[in-house]
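Worksheet for the structure shown next.
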């Protein structure tokens, strides 16, 4: 699996490796796209440790985490995405680049490094299987006392990303609610700190639009 590039382009309905390789081929590592603002808001207070960026795409979140002292495994199904992100990171922040391991992996099949991460984050992932199985796998990779952080395309309104997935402007399998993610977590093992829909304005090409995101932050009990 991988994450959608933050470009709002039309997407194919089959999110396999060939699709993502074609999508990212020749894409220069994010063109300066900033890290997801929800991650910045929710993870700035966390003590740096080991992090997994699940579906790293253009690498903006991995760069931000590494710049704050995290040791990051940036995983994506697309080698083209990883190559571009690695090159961009080396240019923008060589010191942060030394704290990132770029790993090609299908995260629906397993977790690089076997788990034990202090932070596992995922932004707009599109797993080829069901969301429940995917988020359950991510949750299993979080160490006791660690954090699971997920941002997705929310069900509650049209989304600049999700709306571009199909010819009719809407594909439900590209959307997920925060409650769906929270439902995967065992209440005895997890404390859900944030589970909500959030809206934010973005500007692309001189046009402003409102994006609707599902945001979940949970801490695994020690």
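Inspect the range 69-87 for any residue being touching a residue at least 24 places away in the same chain (Cβ under 8 Å), more than 14 Å from the chain's Cα centre (by Cα) and under 26 Å from residue 195 (Cβ atoms) and give the result as yes or no.
yes
Considering only residues of the range 183-215 that are closer than 27 Å to residue 142 by Cα and surrounded by 18 or more Cβ atoms within 10 Å (Cβ to Cβ), which is modelled with the lowest pLDDT?
The qualifying residue modelled with the lowest pLDDT is 212.
With (1) crowded, with 19+ Cβ neighbours inside 10 Å; (2) over 17 Å from residue 196 (Cα atoms); (3) modelled with pLDDT of 95 or more as the list, and residue 162 as the residue in question, which single condition is left unmet?
Single failed check for residue 162: (3).
For the range 139-159: of the residues being surrounded by fewer than 23 Cβ atoms within 10 Å (Cβ to Cβ) and at pLDDT below 95, which is nearest to residue 57 (Cα to Cα)?
Checking each candidate, the answer is 154.
Which residues, taken from the range 124-133, are part of a helix (DSSP H, G or I) and exposed (fewer than 14 other Cβ atoms within 10 Å of the Cβ)?
Looking only at the range 124-133, we keep the residues that are part of a helix (DSSP H, G or I), and these are 131-133.
Correct list: 133 only.
Could you say which residue among 116, 136 is surrounded by fewer than 24 Cβ atoms within 10 Å (Cβ to Cβ), modelled with pLDDT of 95 or more and farther than 16 Å from residue 216 by Cα?
Details: 136 fails: farther than 16 Å from residue 216 by Cα.
116 is the lone residue from the list that is surrounded by fewer than 24 Cβ atoms within 10 Å (Cβ to Cβ), modelled with pLDDT of 95 or more and farther than 16 Å from residue 216 by Cα.
The values are calculated or read from the model by the stated rules, or taken from the named source; none is laboratory data. These numbers were taken from a predicted model, which means no experiment stands behind them. Heads up, the Cβs are rebuilt from the backbone with ideal geometry, glycines too, and the neighbour counts pull from every protein chain shown.
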